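First up is the structure itself, then whatever we jot down about it.
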Amino acid sequence: MHAPTIQAVRGMNDVLPDEAALWERVEDAARETFAQYGYRNLRVPIVEPTALFVRGIGDATDIVEKEMYTFDDHGESLTLRPEATAGIVRAAIEHNLTYERAQRVWTAGPMFRHERPQKGRYRQFHQLDAEALGFAEADVDAEQIVMLSRLWKRLGLTGMSLNINSIGDPHERLAHRNALAGYFQTKFDKLDENSKRRVKTNPMRILDSKNPEMQPIIAGAPKLVDHLDAQSKSRQHFLELQTMLKEADIAFEVNPRLVRGLDYYNRTVFEWITDRLGAQGTVAGGGRYDFLFSQLGGEQTHACGFAVGVERLVLLLRDAGTQASAAPLAYVVHVGSDATSTFARRVAEALRDAGLAIVVNAGGGSIKAQMKRADASGARWALIVGDDEASANRVAAKPLRDAGAQIALAPEEVAAHLRAAAEKT
């Protein structure tokens, strides 16, 4: 009797090799793009003290109230990270990263939120996260938006729209919060249960509601832009951002309802969205958080950052028909004596020394069986070595994806031949 099978946790998905090739394409493009702008890699733990997220994200947010994976570890409350910014700021404070100079950093990896799984939204999901620590002016806000635009171009993604807003500085947010609380109190009987709870705890979160029945009420709510002082630094910051985006030919829409779902933001908030993912249309989002360092016990440090949903980028690439493959360039088929197999492996190692991806048949098998494996591997070439080839110091190269005759080559000729053929296609 077989033991019962065990499956992955709901909302936590396996990424199989065929799909992982698209993930690698996204990750490679991001790594190269971020490096072009001077962002360096920083890696932080996936488990942090729960207090970090309660203080950083906000105890009245959905994430902290309902979505975190929190557990007790010998008397200490720990949480699987639901986002990366708080951990990066904790690391920057702990290691005095911004003591001598401002820092541009990025990280990538899994995040965890206990949500209802649906297309583009999972309980374990992956993000690319970039943060500029110690920068006060709007030029770095614009830089990050332009950097994301470059990433979309590198990935060949189209149809991405940019929404921006300013949520002001703390005193302006407080004025807006009070105005919202008063407005929603007058509509209290028409609010859904989540919104009724938020009227007192965090009325700005009501603006984030996805409930269609709430949208007419939200549309009539006071706008934060009306609470930005005419000569305030936050208004000037927002105007400068818009000027820089226009100079960079980045199209955008000012969305006065955009607030983002985390309490640490101030001034700039932005989202890159698409209409090709249904309800989960936000592909990347971020903004400025000039007070998070001090909230977490550090010196006040200006900062701005964003996160990109990797699963959502992969969905967009797949829907666009983007091809990505981790297939080897060649598959080595070898049949014969032990000396022939040794010769085949030496040829393969020499080709790998030349930087080529080569798979050598393992487990024996007839020529016919090995050629089937070669075809199934996705390789563009079969390199065939039998006793005759080994004794003549030759390798037979047979194209698997393109027309062409099988030819015999000396081992030292194979790499150049494969490269030349690849350049022609």
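The values are calculated or read from the model by the stated rules, or taken from the named source; none is laboratory data. Keep in mind that this is a model prediction, so the values were computed, not measured. So basically every Cβ, Gly included, is an ideal-geometry build from the backbone, and we count neighbours across all protein chains shown.
Below is a table of values for the structure above.
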quantity: Selection status of residue 233, among the charged types (D, E, K, R), more than 27 Å from residue 54 (Cα to Cα) and in contact (Cβ under 8 Å) with a residue 60 or more places away in the chain; calculated: yes
quantity: Complete set of residues in segment 356-377 that are in contact (Cβ under 8 Å) with a residue 40 or more places away in the chain and in a loop (DSSP other than H, G, I, E, B); calculated: 356, 377
quantity: Pairs, first closer than 21 Å to residue 148 by Cα and assigned by TED's automatic domain parsing to the domain that holds residue 155 in segment 7-29, second surrounded by 12 or more Cβ atoms within 10 Å (Cβ to Cβ) and among the charged types (D, E, K, R), C-beta under 7 Å, six or more apart; calculated: 22/318; 29/154
quantity: Segment 387-398 residues that are within 8 Å of residue 340 (Cα to Cα), paired with ones that are buried (at least 20 other Cβ atoms within 10 Å of the Cβ) (beta carbon under 6 Å, 6 or more apart); calculated: 390/343
quantity: Residue 148 being modelled with pLDDT of 95 or more, on the phi < 0 side of the Ramachandran plot, touching an Asp or Glu at 6+ places or on another chain (Cβ under 9 Å) and not in a loop (DSSP other than H, G, I, E, B); calculated: no
quantity: Segment 58-103: number of residues that are of a type outside the set (A, V, I, L, M, F, W, C), under 25 Å from residue 117 (Cα atoms) and either in contact with a Pro (Cβ under 9 Å, 6 or more places away or on another chain) or not assigned by TED's automatic domain parsing to the domain that holds residue 131 (or both); calculated: 5
quantity: Selection count where residues are outside the structural domain of residue 355 (by TED's automatic domain parsing) and part of a strand (DSSP E or B), scope segment 383-425; calculated: 0
quantity: Lone qualifier among 380, 345 - being in contact with a Lys or Arg (Cβ under 7 Å, 6 or more places away or on another chain), without any contact (Cβ under 8 Å) to a residue 60 or more places away in the chain and not assigned by TED's automatic domain parsing to the domain that holds residue 53; calculated: 380
quantity: Selected residue [touching a helix residue (DSSP H, G or I) at 6+ places or on another chain (Cβ under 7 Å) and exposed (fewer than 13 other Cβ atoms within 10 Å of the Cβ)] from 188, 184; calculated: 188
quantity: Qualifying positions in segment 51-62 - crowded, with 21+ Cβ neighbours inside 10 Å and β-branched (Val, Ile, Thr); calculated: 57, 61
quantity: Matching option when the condition is of a type in the set (S, T, N, Q), under 17 Å from the mean Cα position of the chain (by Cα) and either surrounded by fewer than 20 Cβ atoms within 10 Å (Cβ to Cβ) or farther than 20 Å from residue 39 by Cβ (or both), among 144, 124; calculated: 124
quantity: Residue in segment 219-243 that is nearest to the chain's Cα centre (by Cα), counting only those that are surrounded by fewer than 18 Cβ atoms within 10 Å (Cβ to Cβ) and aliphatic (A, V, I, L, M); calculated: 239
quantity: Residue 67 vs. criteria acidic (Asp, Glu), within 16 Å of the chain's Cα centre (by Cα) and either under 18 Å from residue 309 (Cα atoms) or buried (at least 20 other Cβ atoms within 10 Å of the Cβ) (or both); calculated: no
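Matching residues to (1) in the same structural domain as residue 92 (by TED's automatic domain parsing); (2) without any contact (Cβ under 8 Å) to a residue 40 or more places away in the chain:
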| site | (1), (2) |
| --- | --- |
| 129 | yes, no |
| 148 | yes, no |
| 153 | yes, yes |
| 157 | yes, no |
| 164 | yes, no |
| 181 | no, yes |
| 186 | no, yes |
| 208 | no, no |
